[in-house]
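Undergrad: Have a look at the structure that comes next, please.
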Amino acid sequence: MKAAELKRRKAQLLALRDRLTGTIRHVEQAALEDVQKGGEISAYPTHLADADEEGLDEQIAVARNEEGILELVEDALTRIDDGTYGKCQECGKPIPAERLDAIPYTPYCVGCSQGAKA
């Protein structure tokens, strides 16, 4: 991969890392606020914490998903630095540019990615 392309990919990954970090921070803060907020429970048939449990579970799931993607982004940035970005970690073949456009942090080509799921 050419230096200009790597530079563009790195900038894309850095921007994605910043967005993910901000999203994770926001979701974690919202979850913390939900846990800490009190309220009058007499209007509810169940405890307020029970009513908010589903929303909190969703917030936790979102944060975990974003953290997983953030880890993949960090790994991709490491691969850029060590010169292995754009090469499939399974078979060693180049990952097509179209795949990197869609999933810039992917460590696998399409074939190896599908094989890993089986």
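Undergrad: Does GLY115 qualify as being modelled with pLDDT under 85 and not assigned by TED's automatic domain parsing to the domain that holds ARG9?
TA: Criteria met by GLY115.
Undergrad: Considering the range 1-54 alone, what residues qualify as being of a type in the set (A, V, I, L, M), modelled with pLDDT of 60 or more and either assigned by TED's automatic domain parsing to the domain that holds ALA97 or farther than 21 Å from GLU67 by Cβ (or both)?
TA: MET1, ALA3, ALA4, LEU6, ALA11
Undergrad: Let me ask something additional. Pick from the range 1-20 the residues that are closer than 13 Å to LEU77 by Cβ and surrounded by 14 or more Cβ atoms within 10 Å (Cβ to Cβ): which of them is nearest to the chain's Cα centre (by Cα)?
TA: Of the range 1-20, the ones closer than 13 Å to LEU77 by Cβ are 6-7, 9-18, 20.
Keeping just the survivors that are surrounded by 14 or more Cβ atoms within 10 Å (Cβ to Cβ) gives 6, 9-10, 12-13, 16-17, 20.
Numbers: LEU6: 21, ARG9: 16, LYS10: 16, GLN12: 14, LEU13: 11, LEU16: 9, ARG17: 8, LEU20: 6 Å.
If we take residues in the range 1-20 being closer than 13 Å to LEU77 by Cβ and surrounded by 14 or more Cβ atoms within 10 Å (Cβ to Cβ), then LEU20 is nearest to the chain's Cα centre (by Cα).
Undergrad: Restricting to the range 65-97, count the residues that are within 14 Å of the chain's Cα centre (by Cα), surrounded by 13 or more Cβ atoms within 10 Å (Cβ to Cβ) and free of Cβ contacts under 8 Å to residues at least 40 places away in the same chain.
TA: Residues in the range 65-97 being within 14 Å of the chain's Cα centre (by Cα), surrounded by 13 or more Cβ atoms within 10 Å (Cβ to Cβ) and free of Cβ contacts under 8 Å to residues at least 40 places away in the same chain: 3 in total.
The values are calculated or read from the model by the stated rules, or taken from the named source; none is laboratory data. This structure is a prediction, so every number in the text was calculated from the model and none was measured. So basically every Cβ, Gly included, is an ideal-geometry build from the backbone, and we count neighbours across all protein chains shown.
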